[in-house]
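J.: Please find one structure pasted underneath; my questions will follow.
Bear in mind that the values in this text are calculations on the coordinates, not laboratory data. Everything quoted here is computed from the prediction, not taken from an experiment. Glycine also receives a Cβ, built like all others from the backbone with ideal geometry; neighbour counts cover every protein chain displayed.
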Amino acid sequence: MRIGQTSVIYFLGKVTASVVGFLATIYFARVLGAEVLGFYAVAIAVAGWLKLGGSMGVSSAVQKRMSEGDDPDRYFVAGALMVAAFAAVAVSVLLLFRDQVNAYVGAEAALLVALLVTVQLLFAIVGAGLKGQRRVHVYGVLKPLKEASQSLTQVALVVPVLFGLGLTGLLAGKAIGAFLVTLLAIAVLGVSFKRPTLEHFKSLLDFAKYSWLGSVESRTFKEADIVIMGFFVSSALIGVYSIAWSLTMFLTLFGSSVRTTLFPEISNAASTKGKDAISLIEDGISYQGLILIPGFVGGTILSEQILQIYGDEFVQGTAVLWILILAVLLKGYQSQFLTALNGLDRPDISFYIYTAFILSNLILNVTLIYLFGWVGAAIATALSAGVGLSLSYIAVKRLSSFKTPTEMIAKQLTSALLMGIFVYAGLYIEQTFGLIEYNAITVGILVFSGALLYFVLLFVLSEEFRRTTRRNLPGFG
């Protein structure tokens with residue numbers, strides 16, 4: 001299967017799940033309010049960090065070693081045993097300090113967080129196995145299926161006429177929905193459980209000793225701000241902030257799909273001394289901003305109207321939203337470069353970049369949240385992403401013959417700016433004459449028509465985009 005087609009499959013699956021999650025989140029925001037969503041966001045952040053403590057780069061190492069094609073089954077079993085041991089430690093720590101966890105979250109959540117951590121770790125190692133087998137298209141179906149299952153289960157547990165469980169329903173639904181799909185993923189994986197040797201464990205640890213920091217870096221970017229805000233900011237504001245984050249994460253779907261698809265391909269090309277690795281890196285950078293660049297332009301223009309969909313109390317997050325979109329735009333390019341470094345088997349360099357990003361993120365978050373509150377958290381996230389992007393770009397340039405695809409990026413930016421003019425004009429006309437007067441419908445029309453215009457413009461301006469479209473879409477190849 002072509003890499004572009006695999007990325008599209010993964011992307012479409014993520015979009016479908018995200019639409020379900022988007023609608024579910026609107027429902028939760030309107031029924032439960034910002035404060036409960038704030039409790040939930042902090043609980044999920046705790047679960048995320050404990051999940052990280054249970055894997056510590058092992059999943060990335062399993063994916064890497066399996067993708068190299070040498071004894072993949074034993075590498076998977078070795079990784080699964082390591083994750084199981086780490087999971088026991090992580091859950092034990094959580095239960096030991098459950099009173100402190102409950103006090104920090106603001107609700108009785110420790111037991112459900114422990115359950116969620118266990119399920120997340122199980123799915124993570126199975127997913128790493130699928131990606132290591134270069135079956136990204138299968139993982140691309142299962143992961144969004146898991147997310148959709150979580151959202152639907154949460155809705156069932158939260159709806160007042162069924163269970164009306166509130167925060168408990170959100171956390172339990174996330175764990176139960178994930179577990180159901182994890183069982184399916186295990187059945188699909190099809191790994192033979194062969195006994196690993198000490199060399200298999202050592203090889204995983206050799207890679208994981210560098211790549212574990214990548215997991216910390218990713219978790220820091222997504223949740224360090226929320227964890228720190230838990231000490232300084234009200235739960236209601238954290239709830240609004242988490243909604244802004246969820247919106248920005250929607251824009252990262254295509255870029256993450258490209259990274260997930262390209263890592264095993266770059267790894268395989270590099271391990272066989274192929275010449276395709278640099279070309280794959282350049283392709284990844286070319287299309288990283290395909291959604292994020294117009295998303296930043298459109299999201300900045302429509303930020304107030306988009307947040308209004310969730311309820312009046314969420315409109316106060318307008319400034320936070322566009323800053324976070326800028327942050328994920330910068331972080332997206334950084335992640336592509338770090339994927340390239342890991343695929344080229346240089347996790348040692350990635351390690352130092354991860355360290356710089358984590359330190360800058362934590363220092364900036366503590367300082368700016370203390371000085372400016374929740375807006376400071378968004379600014380800190382964007383600034384630290386800029387630091388990470390600069391360092392990772394320099395590293396890839398020094399290690400390879402990589403050439404920045406400036407022409408493709410410039411055409412994406414040009415198309416996005418022209419789209420932005422169109423969207424702004426449409427919004428101005430609606431606000432002046434009140435032709436529709438329903439905010440959600442207005443946003444939907446402007447987003448759809450703006451996206452359509454953007455892709456038409458890019459198709460006209462970019463010969464490379466036309467070739468890629470014809471090569472990867474049915475009926476064009």
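J.: Under the rule a/c < 1.5 gives rounded, and otherwise a/b versus b/c splits prolate from oblate, where does the range 47-171 land using the Cα gyration tensor?
T.: oblate
J.: So what's the net charge close to residue 123: Lys and Arg +1, Asp and Glu -1, counting the other residues with Cβ under 13 Å from its Cβ?
T.: +4
J.: Right, another one. Over the chain, calculate the relative contact order: mean separation of alpha carbon pairs under 8 Å at least 6 apart, over the residue count, as a percent.
T.: Once normalised by length, the contact order is 19 percent.
J.: Å³ per residue of the Cα convex hull, for the range 106-191?
T.: 83
J.: Would you tally the net charge around residue 384, using a Cβ to Cβ cut-off of less than 11 Å, leaving residue 384 out, and scoring K and R as +1, D and E as -1?
T.: -1
J.: Let me have the 222 nm mean residue ellipticity of the chain computed from DSSP H runs of 4+ only, each contributing -39500 (n - 2.57), with the sum over all residues rounded to the nearest 500. Could the numbers behind the result be given before it?
T.: Details: 18 runs with 403 residues, N = 477.
Here the helix-only value at 222 nm equals -29500 deg cm²/dmol.
J.: On to the next question. For a test of the definition: using alpha carbon positions, the gyration tensor, and the 1.5 limit on a/c, classify the range 327-411 as rounded, prolate or oblate.
T.: oblate
J.: Could you tell me which helices of the chain pass both thresholds, a Cα extent of 15 Å or more along their own axis and a mean Kyte-Doolittle hydropathy of at least 1.0, with helices taken as whole DSSP H runs?
T.: Details: long enough: 3-55 (42 Å, 1.29); 72-96 (36 Å, 1.77); 110-132 (33 Å, 2.11); 136-158 (33 Å, 0.55); 167-189 (33 Å, 2.14); 198-219 (30 Å, -0.23); 235-251 (25 Å, 1.60); 253-271 (28 Å, 0.39); 276-308 (46 Å, 0.81); 318-343 (37 Å, 1.25); 347-372 (35 Å, 1.42); 374-399 (38 Å, 1.26); 406-433 (40 Å, 0.84); 439-461 (32 Å, 2.33).
Length and hydropathy pass: 3-55, 72-96, 110-132, 167-189, 235-251, 318-343, 347-372, 374-399, 439-461.
J.: Taking the number of other C-beta atoms within 10 Å as the exposure measure, put 49, 245 in order starting with the fewest.
T.: Lowest to highest Cβ neighbour count: 49, 245.
J.: Rounded, prolate or oblate for the range 289-443? Axes are the square roots of the Cα gyration tensor eigenvalues, ordered a ≥ b ≥ c, and the cut-off for rounded is a/c under 1.5.
T.: Oblate shape, in that a/c is at least 1.5 and b/c is the bigger or equal ratio.
J.: Hey, another quick one. Can you give the net charge of the other residues whose Cβ lies under 13 Å from the Cβ of residue 222, counting K and R as +1 and D and E as -1?
T.: 0
J.: Cα-Cα pairs above 44 Å in the chain: how many percent?
T.: In whole percent, the share of Cα-Cα pairs in the chain beyond 44 Å is 9.
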